[in-house]
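Student: Encoded as structure tokens, here's the structure I'll be asking about.
Throughout, read-outs are computed from the coordinates displayed, never taken from laboratory work. Keep in mind that this is a model prediction, so the values were computed, not measured. No Cβ is skipped: glycine too gets one built from the backbone with ideal geometry, and neighbour counts run over all protein chains shown.
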Amino acid sequence: MTRLVALLAAVLVAHAGQYGLFLYSWIILGGATFAGELTGTVIAAWAVTMAAGLGCRAVTSHLQSALAVIAGARLRRRLLRGALGLDPAAVRREGTGHLLGRVLETESLEDLATGGALRGLAAAVELVLAAVLLTTALGPAVPVLLTGWLVAAAVATARYTRRRMAWTTARLALGNDLAEKIAGHRTRAVQQDPEHRHDGERAALDAYTSLAASMDRGLTVLTVLIPRGWALTGTALLAASVAAGAAAPARAAGALAVMFTYGAMAHLSTGLAGLADARCAWAQLGPLLPVTTNEPPADAAVPETVTIKANGVGFHYPGRAHAALPPIDLRIDAGDRLVLEGPSGSGKSTLAALLAGTLEPTTGRLHLTSTTPGTVLAVPQADHNHLLLGPLAMNVLLGRAWPPEPADLRSAEEVCRAIGLGDLLDRMPAGMAQIIGETGWRLSEGERSLVFLARALLQGAPVLILDETFGALDPHTLDTALNAALDRTSTLVVVRH
Amino acid sequence: MGARRFLAPEVVQTSGMDCGPAALACLLGGYGVRASYARLRDACQTDVDGTSIDAVQDAAALLGLDAEQVMMPVDHLALPEAGALPAIVVTRQPSGLTHFVVAWRRHGGVLQVMDPAAGRTWVPVRRFLGDVHVHEFAVGAEAFEAWARSDALRRPLLRQLDRLGVPASSAEALVAAAGDAPGWHALAALDAAVRQAGAGGFRRHAAAGEIARLVAEPGAVDQRHWFARRTPGDPGAVTIRGAVLVRAPGRTAQPPAPDELPADLRAALTQRDPGPGRFLRDWLRGSGHRLAAIGVGAVAATAGVLAEAVLMRTLISPGPAPGWTLAALLALATILLILDGALLAAAAGVGRRLETALRAGLLRRLPDLPDRYLNSRPLSDLAERAHRLHRLRELPLLALDTARLGTLLVLLPVVIAVIDPGSALPASIAVLASAAAGLVLLPAQAERDLRRRTHVGAVARFYLDALIGVVPIRAHRAGRLIEGEHGRMLGAWASAVRAVHRTALTAELVQAGAGLACTAWLLTAAHDRVSDPAMFLLLAYWAVGLPALGQQLGALVRRYPSYRGAVLRAIEPFATPVEHTPTPARHGGTGVAVHLSGVEVVSGGQPVLSVAGLSIPAGSQVAVVGRSGSGKSTLAGLLLGWHRPARGRVLVDGAPLDAGNLAWLRRHTAWVDPTVTLWNRSLADNLTYGGAPGAGVPEEVLDDTYLTEVAAGRSGPLGERGGLLSGGEAQRVRLARARLRSGVRLAVLDEPFRGLGRDQRRDLLRRARRWWPAATLLYVTHDVADALDFDRVLVVADGRIVEDDNPEALAGKPDSYLRGLLDAEQAVADRFRDPSWRRITLGGTR
């Protein structure tokens, strides 16, 4: 953080230097012109001052880029950390379409934020310097008027922010709706009554358009009315001083200062608009960010074996009529092989989550001989599991090591072949390095679940719970995969429907 | 016709994985063959995982290019002696995915590359080679030796030796000596040695000596410098590591006859892709007068700003200022305030209209888009378009900025010339110099900007993946690992961003420096001629503004590719041909009769299902079983319209299943499949979806589908794609939705009970068979035992119906396929019943 602040201060100093030199070059030129002493030397001095300003500009730009990179990287790290700490239920509420809408907001966030903030700050510096010039030329009314104008700018910014916020929310909702319709196009084609295909679309679009119109009006006030209004005020001040009989050089200084303060005000208002945009983008990410962002704990060594005892362990979602898992007693010893069965909704997955520690029991007591995190690994069902866009090796080594040691890669390949992915490995041009995931090499349902199995086996947890992992497999493949799993696990719990 | 153009035509891909057809369209266009990129996409079977390079090569050859797919050492790519260019080259993106670009020509140290992701770029050779995807492949030793002894290796080798300063005679001797040795290994070693000597910075005699030393002791050559190595355990094979490309040095002598081409490729030659310009003209037609008014207003506002400065000048001239100037100044400031406000409001209004029209059009068109259009594109790619539509609203604002800048660029030198004719020359030069400096540096900036964007995309994609996969990432405690990988990507991103800033700064300094020199020249020359100090100051004020114009021009031009991409992506659905689907009125109360004859379904060039003859009588109930991937779902998909038979006929009630009949059939189909979408709305809305709006859900339906308790505990939306339900719950919601459907003539139940326990499954199947008593019912499952209750079962294996009979009869035959499936299923069940497993059964009655 101190580095960021230091950089920011340096940017401001460099920018103040640049703008000061710029103003000074005009003072040299203007003074000499009115004094009638304009010579080649003066022009040379003017050019040197301008060139020095250019040097300052180079320094500012360089510092700004460093600032943008550091701030951007920090922001992205923070967002990822936040995402990884999310409540899984919140993510399940939103699928690819919704999350993508939010992620796209992050793409321009740091540009908007650093760009807006820097432009705004730079404009503030310019405004102060130009205001000094203007006050000298036109008198003490300037600071009072300028302050009033800045208050107006603040009000306009707040108004624009409010409207943009409403528009952004509506825009994301429209995007989500469209994405949902695209993803569900087959369902719409077969199940929807063609007469009702476009129900509600017009109304949503109209509401959105009127929000957009209101936001655009807010933007016009902020970026046109504020600077142009100031130009009008400044011109009126100038006219008053001319009418009062000010001398030519003072009038010249006043005229230039009016133009410069207008420029600074224009910069300030676009900077403020950028900041408002960033604020609205950030608000869309808010729900994805937890309050605290602690470092994830370092991985402690997990024990070889573990015993689990459950006494009356049950789970009840608040507000639901029935318990997700009625209390049960259970003991799992090292080396046990368990089949967990029951109809849909009987609490199999809930029990798996309780054993793995992702849920806390609402009744009863669960006792493990080791409480080291990672002792019990419950592999999520295929519907809730996910292949990351990346090499197959990364996907199977997710619970182990990445970037991998050669030994990790060797055991990854060994496990993949043992559970029946050998065929696939030979078929893919890049083998373990083949990119899989949404736009990567396409896997069948069965291959997908084998990759999930390989991922689980390679983590080497003392207790492994496989939730419906074998559901999509043919009997023959299942046999191979199950044998491999039995050879490589100490305690195995298989959830079967 | 047929000559290779100097510039590779720009073909920008509109979908994330469409670089293959876009690169092919560019390559063809570069030889004067105009081909539609959208149709090539179909012809090359481009899918969510991209395009196979073989398909690209085949299509190129069929369309008349002398195209061949080759592998070569990466560093040979840019050597004229290797004859690699022009070619479609496989590169590697920051995400690790492969990507196709067209390497068109070499100009000194720079390659002209057409990257379908952005357009034409000019890339330094070394950097391009760093992006090339390195592929490893085993080839036959004899074939490789023939290549190594040919000019294909000899000439690039001699060229590289020449570059290292090795005298021609020594170079010839080295190559000859390697050629004299038997087999390919000596030549491969020489090739690797030359590469290592080059990388080591050896020159002239030192290089020759180093190469000779390495050739004598090939073990000393580093692994990464070898193009070809022995394949362990196979003396007949050579493993090569290098670039993969489809090179097309020219056109074939015989141009292709359109009649002999496959339909897709013929369409590619006859159809045209839409251009963003024409499309925007069509969409903005209603706003024409507004745009004209904005144009006039922009000119007026710019002129007003100049007039303001002129008035200021009269104000600061020595002596009393005339009273009218004060009034004029105030009036002008007021006018500018109103004009600027009106301009921004009008431009934003046009933008809103454009966006709204596009959104409405897209929503209208969406249901009519062909299934293949949506299914062959990654969901995230389509969703991104849905979320990015609003970018088009910025176009009129961009046009406004351009109009103002253009006016200023023209007017400013003119007014300077009016004040002081002698300053016209330096003023024009100042504008030209700063604009030219910007344009010269533009390709470098564009190239770095593209690189930055791919890194931004990769980081964002990774972030999205982490969000979607947060459940498994937590379960596997992979948070640190993910953050580490993200950090590595951020490192690459940061250096890409820094490179963009560096070139931008260079461009700015060059422009500003050139401008400053011109301004200083202008002022030095003008101060003798312009004696009025106010006039001189005005001249100076404007002259200083000149270089900034060049910079703004550069900034505007830089934004062009990203907006072009956005427009192309938005308009693509409108350019896709859709079928009009009339709905003929049909009557008749019972189920439909289905008849298939000689049907073949092809997907990705592979036959996935062929049915010689199949009749399903009206109202009958048939089970379809087989292993996953056997083609049983394809059979169901034929009736739903997901697949078109490449050959043969599908008859429903004796009529061919054309678009109109398909629409009718779908209205009367109850469809249950794990892929049926649940909407992010309430449970009741999901259940009554497709029926009359506002209809209630009868209690008995909830009871029937075990949903009473699910319904009791829930009031809010179910999450995107029903994410808040468990797999079994979601499946029961799909069942209940089908149960509520009226007028059902056909029921397609494809794995309808996934995620449900055995008892529930049996029970639901028994009920479901009574829900639509008159309808024809198809029950597709890989759980073979469920099929035994049916009168008729179709057993599908390897894309064919291998058995079609009564299941009990088939089960009784020891050598039947069905018996085999049953036994295998039993064996699995037995495994878990083995006493080595402890069984825990949860719940009971729900």
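Student: Where nothing but the Cβ of Lys and Arg (+1) and of Asp and Glu (-1) is charged, how large is the charge dipole of the range B:741-846 around its Cα centre, in debye to the nearest 20?
Tutor: Computed charge dipole of the range B:741-846: roughly 700 debye.
Student: With θ taken as phi - 60° and the coefficients 6.51, -1.76 and 1.60, list the Karplus ³J(HN,Hα) couplings across the range B:811-822 in order, rounded to whole Hz; mark glycine and proline as x.
Tutor: Values, residue by residue: 5, x, 7, x, 9, 6, 5, 4, 4, x, 5, 4 Hz.
Student: For the range B:276-575, what Kirkwood radius comes out of the mean inverse Cα-Cα distance, in Å? Walk me through the numbers before you get to the answer.
Tutor: Details: mean 1/r = 0.0431 Å⁻¹.
The answer is 23.2 Å.
Student: Treating only the Cβ atoms of Lys and Arg (+1) and Asp and Glu (-1) as charged, compute the dipole magnitude of chain B about its Cα centre; round to the nearest 20 debye.
Tutor: Working: 95 positive and 80 negative charges, 299 e Å.
Magnitude of the dipole: close to 1440 debye.
Student: Restrict the search to the range B:169-213; then list the trypsin sites (Lys or Arg not before Pro) that DSSP places in a loop and that have at most 16 other Cβ atoms within 10 Å of their Cβ.
Tutor: Those satisfying the criteria are B:203.
Student: Give the residue from B:187, B:757, B:603 lying farthest towards the positive end of the charge dipole for chain B; charges sit on Cβ (+1 for Lys and Arg, -1 for Asp and Glu) and the dipole is referred to the Cα centre.
Tutor: B:757
Student: Using amide H atoms built in the peptide plane, which far-off residues or other-chain residues are under 5 Å from residue B:121 H to H?
Tutor: Under 5 Å from the amide H of residue B:121: B:113, B:114, B:115.
Student: In the range B:276-575, if the dipole is taken from +1 on Lys/Arg beta carbons and -1 on Asp/Glu beta carbons about the Cα centre, which of B:487, B:383, B:398 is farthest to the positive end?
Tutor: Farthest along the dipole direction, towards plus: B:383.
Student: Run a plain Debye calculation on the range B:594-832 (Cα atoms as equal point scatterers, no solvent) and give log10 I(q)/I(0) at q = 0.16, 0.17 Å⁻¹, rounded to two decimals, same order as the q list.
Tutor: Per q value, in the given order, log10 I(q)/I(0) is -1.21, -1.32.
Student: Run the numbers on the range B:594-832 and let me know its relative contact order in percent, using alpha-carbon pairs under 8 Å that are six or more apart. Show your work: numbers first, answer last.
Tutor: Numbers: 416 pairs, mean separation 63.6, N = 239.
Rounded, it is 27 percent for the range B:594-832.
Student: What ranking of B:677, A:305, B:503 emerges when the number of other C-beta atoms within 10 Å of each C-beta is taken as an exposure proxy, fewest first?
Tutor: The fewest-first ordering by Cβ neighbours comes to A:305, B:503, B:677.
Student: Tell me what chain A gives for mean residue ellipticity at 222 nm when only DSSP H runs of n ≥ 4 count, each as -39,500 (n - 2.57), the sum divided by the residue total, rounded to 500 deg cm²/dmol.
Tutor: -21500 deg cm²/dmol
Student: Another question, if that's okay. Just the number: Rg to Rh for the range B:422-487, Cα atoms, Kirkwood Rh, two decimals.
Tutor: 1.48
Student: I would also like to ask the following. Report the net charge of residues surrounding residue B:219, where surrounding means a beta-carbon distance below 14 angstrom and charges are Lys +1, Arg +1, Asp -1, Glu -1. Show your work: numbers first, answer last.
Tutor: Numbers: positive: B:213, B:229, B:230; negative: B:217, B:222.
That works out to +1.
Student: Another question, if that's okay. Over the C-alpha atoms of the protein assembly as shown, what are the Rg and the largest Cα-to-Cα span, Dmax, in Å?
Tutor: 35.9, 118
Student: Right, here's the next one. Count the net charge of all other residues whose Cβ sits under 9 Å from the Cβ of residue A:459, scoring Lys and Arg as +1 and Asp and Glu as -1. Walk me through the intermediate numbers first.
Tutor: On the way: positive: A:400, A:455, B:477; negative: none.
That sum, taken over residues with Cβ under 9 Å, equals +3.
Student: Here's a follow-up. Using alpha-carbon pairs under 8 Å, 6+ residues apart, how would you state the relative contact order of chain A in percent? Numbers along the way, then the final one.
Tutor: Working: 622 pairs, mean separation 70.7, N = 497.
Relative contact order for chain A comes out at 14 percent.
Student: While we're here: Using Cα pairs under 8 angstrom and six or more residues apart, how large is the relative contact order of chain B, in percent?
Tutor: 10
Student: Give the residue list of chymotrypsin sites (Phe, Trp or Tyr not before Pro) in the range B:479-577 that are DSSP loop and have at most 13 other beta-carbon atoms within 10 angstrom.
Tutor: Details: sites: B:493, B:521, B:536, B:541, B:542, B:563, B:574; in loops: none.
Within the range B:479-577, no chymotrypsin sites (Phe, Trp or Tyr not before Pro) qualify (loop, at most 13 other Cβ atoms within 10 Å).
Student: Still on this structure, please answer the following. Per-residue ellipticity at 222 nm for chain B, helices alone: DSSP H runs ≥ 4 residues times -39500 (n - 2.57), over residue total, nearest 500 deg cm²/dmol? Walk me through the numbers before you get to the answer.
Tutor: Values: 29 runs with 455 residues, N = 846.
That comes out to -18000 deg cm²/dmol.
Student: Separate question: Taking a cut-off of 30 Å between Cα atoms, list the lysines near residue A:348, but don't count ones fewer than 8 places away on the same chain.
Tutor: Counting by Cα, and skipping residues close in sequence, residue A:348 has these lysines nearby: A:309.
Student: Another question, then. If you take every DSSP beta bridge fully contained in chain B, what fraction is antiparallel? Give it as a percent rounded to 5.
Tutor: 75
Student: What list of ³J(HN,Hα) couplings, whole Hz, do you get for the range B:350-363 from phi and the Karplus terms 6.51, -1.76, 1.60, once you set θ to phi - 60° and write x for glycine and proline?
Tutor: These are the phi-based 3J(HN,Hα) values: 4, x, 4, 4, 4, 5, 4, 4, 5, 4, 4, x, 5, 4 Hz.
Student: Longest exposed-loop-site-free stretch of chain A, with GluC sites (Glu not before Pro), DSSP loop and at most 10 other Cβ within 10 Å? Each step should come with its number before you reach the end.
Tutor: On the way: sites that count: A:37, A:304.
In chain A, the maximal stretch lacking such sites is A:38-303.
Student: Further question: About its Cα centre, what dipole magnitude does the protein assembly as shown give when the only charges are +1 on Lys and Arg Cβ and -1 on Asp and Glu Cβ, stated in debye to the nearest 20?
Tutor: 2700
Student: Can you tell me what percent of all Cα-Cα pairs in the range A:249-398 are more than 21 Å apart?
Tutor: Within the range A:249-398, distances greater than 21 Å cover 68 percent of Cα pairs.
Student: Scattering from the C-alpha atoms of the range B:593-635 alone, worked out with Debye: what is log10 I(q)/I(0) at q = 0.30 1/Å?
Tutor: Scattering profile of the range B:593-635, log10 relative to I(0): -1.15.
Student: Among DSSP bridges having both ends in the protein assembly as shown, what percentage is antiparallel? Round to the nearest 5.
Tutor: On the way: 71 of 108 bridges.
If I count the DSSP bridges inside the protein assembly as shown, around 65 percent turn out antiparallel.
Student: Within straight cross-link reach of residue B:813, meaning Cα distance under 29 Å, which lysines are found once same-chain residues fewer than 8 apart are removed?
Tutor: B:632
Student: Okay, next question. If the viscosity is 1.002 mPa s and the temperature 20 °C, what Stokes-Einstein diffusion coefficient in µm²/s follows for chain A when Rh is the Kirkwood radius over Cα pairs?
Tutor: It comes out at roughly 75 µm²/s.
Student: For a quick check: with amide H placed at 1.01 Å from N, whose amide H comes under 5 Å from residue A:436's, ignoring anything fewer than 5 positions away on the same chain?
Tutor: Correct list: A:390, A:392, A:441.
Student: Loop-only trypsin sites (Lys or Arg not before Pro) in the range A:295-398, please: DSSP not H, G, I, E or B, and at most 16 other Cβ atoms within 10 Å.
Tutor: Loop-located and lightly packed - A:320.
Student: Please report A:322, B:527 as a ranked list, fewest other C-beta atoms within 10 angstrom at the top and most at the bottom.
Tutor: Lowest to highest Cβ neighbour count: A:322, B:527.
Student: Okay, next question. Got a sec to turn the phi values of the range B:452-469 into Karplus ³J(HN,Hα) couplings, 6.51 cos²θ - 1.76 cosθ + 1.60 with θ = phi - 60°, whole Hz, x for Gly and Pro?
Tutor: Working through the residues one at a time gives 4, 5, 5, 5, 4, x, 5, 5, 5, 4, 5, 4, 4, 4, 5, 5, 5, x Hz.
Student: Can you work out the base-10 log of I(q)/I(0) for chain B at q = 0.06, 0.07 1/Å, using the Debye formula on its C-alpha atoms alone?
Tutor: Debye output, listed in q order: -0.61, -0.80.
Student: Excluding residue B:135 itself, what net charge comes from residues whose Cβ is under 13 Å from its Cβ, given Lys and Arg +1 and Asp and Glu -1?
Tutor: Here the count lands on +1.
Student: Using the number of other C-beta atoms within 10 angstrom as an exposure proxy, rank B:502, B:833 with the fewest first.
Tutor: Fewest to most other Cβ atoms nearby, the residues stand as B:833, B:502.
Student: Scaled to the compact-protein estimate 2.2 N^0.38 Å, what is the alpha-carbon radius of gyration of the range B:138-244, rounded to two decimal places?
Tutor: Taking N as the residue count of the range B:138-244, the ratio is 1.01.
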